[in-house]
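Visitor: What follows is a single structure, and I will ask about it in a moment.
The values are calculated or read from the model by the stated rules, or taken from the named source; none is laboratory data. Remember, it's a predicted structure, so these values are computed and weren't measured experimentally. Cβ placement follows ideal geometry from the backbone for every residue including glycine, while neighbour counts extend to all protein chains displayed. We work out accessible area using only protein heavy atoms, side chains counted, and drop any ligands, DNA or RNA first. Shrake-Rupley method; radii C 1.70, N 1.55, O 1.52, S 1.80 Å.
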Amino acid sequence: MASKIQLRRDTAANWTATNPILAQGEPGLETDSGKIKFGNGSTSWTSLEYYTASGNLSIIDDTI
């Protein structure tokens, strides 16, 4: 059976309006801008920085 990976996604306006807290390492995609943020388990959406190719993903636990 095939596995499916699904990203949490919404428009920039809806992300800002709901302002959720993403779990540590959880990606959130803005469908209208193509930008992505990664959660840390405690910071709300509007306070997270957008990921960039040169960005640091130290929020992701690599001990798995």
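Visitor: Taking θ = phi - 60°, what integer Hz values does the Karplus form 6.51 cos²θ - 1.76 cosθ + 1.60 yield along the stretch 13-26, in sequence order, with x for Gly and Pro?
Guide: So the J values, rounded to whole Hz, are 4, 5, 4, 5, 5, 8, 6, x, 9, 7, 5, 4, x, 6.
Visitor: Once amide H atoms are built 1.01 Å from N in the peptide plane, which residues 5 or more positions from Y51, or in another chain, come under 5 Å H to H?
Guide: The answer is I36, K37, F38.
Visitor: Roughly how compact is the stretch 1-54, stated as its Cα Rg over 2.2 N^0.38 Å to two decimals?
Guide: Computed over Cα atoms of the stretch 1-54, the ratio equals 1.15.
Visitor: Quick one: which residues, 5 or more positions from T31 or on another chain, have an amide H under 5 Å from its amide H? H modelled 1.01 Å from N in the peptide plane, none for Pro or chain starts.
Guide: D10, T11, A12
Visitor: Follow-up. Considering only protein heavy atoms and a 1.4 Å probe, what is the carbon-and-sulfur percentage of the accessible area of the stretch 3-57?
Guide: It is 48 percent, rounded to a whole number.
Visitor: Right, here's the next one. Given points 7 Å out from each Cα along the Cα-Cβ axis, report the I21 to A53 separation in nanometres with one decimal.
Guide: Modelled inter-label distance: 3.4 nm.
Visitor: DSSP loop trypsin sites (Lys or Arg not before Pro) in the stretch 1-53 with at most 14 other Cβ atoms within 10 Å of their Cβ, which ones?
Guide: Answer in residue order: K4, K35.
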